[in-house]
Amino acid sequence: MYIIRDIFQLQFGHYKNAKALLDDAYSKGLLPEAKSSRILSDFTGDSYRLIFEEGYDTLAEYENSLTDSMSAAEWQKWYEKFKPYVMSSHREILKLVM
């Protein structure tokens with residue numbers, strides 16, 4: 001299994017706005033389909049982070065899910081609203097070994 005984490009460092013003081021947009025995306029089913037998924041926020045370390053964590057059996061499954069969800073017009077419209085709240089981001093792709 002592969003665990004993918006998309007980590008978004010938000011602009012200072014913009015967590016509530018970004019979280020409201022995230023709630024909207026979740027309620028509309030705009031987030032990628034995954035075997036497992038959760039959304040996390042920081043508790044220690046860098047402040048104002050949103051972490052999207054998803055699990056997939058294969059990297060091909062991840063790529064297909066990403067391609068399908070990101071090509072949707074509704075998702076692209078939502079993402080344009082989300083981007084101004086993001087200062088930076090990075091992705092981690094981890095392989096579950098135990």
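Read the figures in this text as sums done on the coordinates, not as results from a lab. Everything numeric here is computed off the predicted structure, so don't read it as measured data. Here the Cβ is made from the backbone with ideal geometry for all residues, glycine too, and neighbour counts use every protein chain on show.
Quick look at the values:
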{"item": "Any pair with Cβ under 6 angstrom, 6 or more apart, that starts in region 83-98 at a residue that is surrounded by fewer than 11 Cβ atoms within 10 Å (Cβ to Cβ) and ends at one that is assigned to a loop (DSSP other than H, G, I, E, B)", "result": "96/1"}
{"item": "Long-range neighbours under 6 Å by Cβ, at least six apart or interchain, first residue in contact (Cβ under 8 Å) with a residue 40 or more places away in the chain within region 17-28, second of a type outside the set (Phe, Trp, Tyr)", "result": "18/10; 21/81; 25/31"}
{"item": "Region 1-41 - residue that is basic (Lys, Arg) and closer than 11 Å to residue 52 by Cα and, of those, farthest from the chain's Cα centre (by Cα)", "result": "38"}
